[in-house]
Amino acid sequence: MTDNEQWFSEICAEGGSAFSVKIREKLHDEQTGFQRIEVFATEKFGNLMVIGGRVMLTARDNFIYHEMLSHPALFSHPSPEQVVIIGGGDCGTLREVLKHGRVTGVLQVEIDERVTRLAEEFFPELCISNNDPRARFVFGDGIEWMQAAAPGSVDIIIVDSTDPLGPAEGLYTGAFYRDCRQVLGEQGILVQQSESPLYHMDLINPLHGKLRAAGFTEVRTLFFPQPSYPSGWWSATLAGRRNMSAAFREEDARSNRIPTRYYNAAIHRAAFTAPEFFQQALE
Ligand code: SAM
């Protein structure tokens with residue numbers, strides 16, 4: 001929704017709130033085979049990408065989300081070589097993953113090629129690693145890709161998808177998590193964007209249950225601020241079969257060999273610390 005062409009607002013019905021940002025101009029508006037994609041130039045948040053009326057990213061605060069969806073999982077695995085990103089068409093998560101020298105291959109499975117093409121045009125800073133020889137791109141449904149993938153062939157799966165609606169709905173199901181468990185190696189970790197801890201406990205609570213039912217013995221949610229998302233507070237949920245906190249390569253994270261603007265070793269530990277209401281809700 002735009003008002004007098006001055007503001008873009010995302011209304012969050014379930015939270016009874018809205019995020020509004022002052023815009024300079026609309027740069028792009030396209031209905032693809034999967035969704036409507038809009039791009040705006042804003043006054044204070046740089047360029048803004050909107051899919052289906054929902055904020056996907058802004059140039060100003062996307063670094064928090066992309067770093068927290070990547071580095072905690074990668075530093076919780078002893079040797080993350082093969083990584084698969086489901087969704088992530090804006091390529092910001094890919095850029096963060098490729099900062100890790102241990103990574104030998106990253107495959108991005110994005111259902112809508114137009115998202116990547118528009119990211120290259122309006123968010124080139126996110127696409128700076130797209131020509132890295134370790135990166136491969138498939139434009140297709142991540143659910144189907146996971147059904148067909150070889151067992152035990154992947155170390156880290158990152159689900160960087162839109163909200164659990166439309167094409168992304170199937171990415172929040174027990175069937176998908178069972179396929180992920182098959183595809184992950186013994187030490188493998190699945191990480192998924194899990195919405196707002198304030199607004200979406202009705203998603204996060206059953207998500208933990210479905211991940212455990214799929215055979216993941218260790219399920220942990222981390223929290224981070226995301227000003228342009230509903231409630232300004234977001235989360236990612238990690239699942240594995242090993243004690244991820246014990247496996248945390250803290251010295252590596254502390255070494256700062258991976259340039260970041262939000263993530264560091266202390267943030268890693270703090271982000272996994274769950275607030276009281278959250279712990280009680282899960283119990
Ligand atoms: N950070 C954003 C968020 O939290 O809402 C997500 C950004 S990323 C652009 C989301 C991507 O997931 C979109 O490009 C969308 O096309 C893709 N996507 C949705 N469902 C998918 C599926 N089943 N398989 C692969 N990609 C999918």
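The values are calculated or read from the model by the stated rules, or taken from the named source; none is laboratory data. What you see is a predicted model, and the numbers here were worked out from it, not measured in a lab. Cβ sites come from the backbone with ideal geometry, for glycine too, and all protein chains shown count toward neighbours. Heavy atoms of the whole protein, side chains included, go into the accessibility calculation; ligands, DNA and RNA do not. Shrake-Rupley method; radii C 1.70, N 1.55, O 1.52, S 1.80 Å.
Some observations on this one:
- Condition met for L94 (at pLDDT 95 or above and within 16 Å of S228 (Cα to Cα)): no
- Checking I189 against (1) surrounded by 18 or more Cβ atoms within 10 Å (Cβ to Cβ); (2) free of Cβ contacts under 8 Å to residues at least 24 places away in the same chain, the condition it does not meet: (2)
- Single residue of R60, R24 found to be assigned to a loop (DSSP other than H, G, I, E, B) and touching a residue at least 12 places away in the same chain (Cβ under 8 Å): R60
- Among the residues of the range 63-91, just one is polar (S, T, N, Q), away from the ligand (no atom under 15 Å from the Cβ) and open to solvent by less than 10 Å² (accessible area, probe 1.4 Å), namely S76.
- Criterion applied to E38, E43 was being more than 16 Å from the ligand (Cβ to nearest atom) and over 19 Å from Y199 (Cβ atoms), and the one residue passing it is E43.
- Which numbered condition E14 fails, given (1) over 23 Å from the mean Cα position of the chain (by Cα); (2) among the acidic types (D, E); (3) in a loop (DSSP other than H, G, I, E, B): (1)
- Among the residues listed as V138, V115, the single one being under 19 Å from the mean Cα position of the chain (by Cα) and within 30 Å of A41 (Cβ to Cβ): V115
- Applying the criterion of being within 22 Å of P230 (Cβ to Cβ), open to solvent by 30 Å² or more (accessible area, probe 1.4 Å) and assigned to a helix (DSSP H, G or I) to the residues of the range 126-173, the residue that is nearest to the ligand (Cβ to nearest atom) is P167.
- Selected residue [over 23 Å from M244 (Cβ atoms), exposed (fewer than 15 other Cβ atoms within 10 Å of the Cβ) and modelled with pLDDT of 95 or more] from R36, R54, R60: R36
- The single condition among (1) within 15 Å of the chain's Cα centre (by Cα); (2) part of a loop (DSSP other than H, G, I, E, B) that R95 does not meet is (2).
- Only one of the numbered conditions (1) surrounded by fewer than 24 Cβ atoms within 10 Å (Cβ to Cβ); (2) part of a loop (DSSP other than H, G, I, E, B) is not met by E121, and that is (2).
- Taking the range 197-222 as the range and being within 19 Å of the chain's Cα centre (by Cα), polar (S, T, N, Q) and open to solvent by 40 Å² or more (accessible area, probe 1.4 Å) as the test, only N205 passes.
- The range 238-277, residues that are in contact (Cβ under 8 Å) with a residue 12 or more places away in the chain, part of a loop (DSSP other than H, G, I, E, B) and surrounded by 15 or more Cβ atoms within 10 Å (Cβ to Cβ): R241, R242, M244, A247, F248, R249, I258, T260, Y262, Y263, F272, A274
- Only one of the numbered conditions (1) out of contact with any strand residue (DSSP E or B) (no Cβ under 6 Å at 6 or more places or on another chain); (2) more than 30 Å from A270 (Cα to Cα); (3) surrounded by 18 or more Cβ atoms within 10 Å (Cβ to Cβ) is violated by V109, and that is (1).
- For F40, the requirement of being of a type in the set (F, W, Y) and in a strand (DSSP E or B) is met.
- Candidate set: the range 101-120, residues that are touching a residue at least 60 places away in the same chain (Cβ under 8 Å) and more than 27 Å from Q147 (Cβ to Cβ); chosen: the one nearest to the ligand (Cβ to nearest atom): L118
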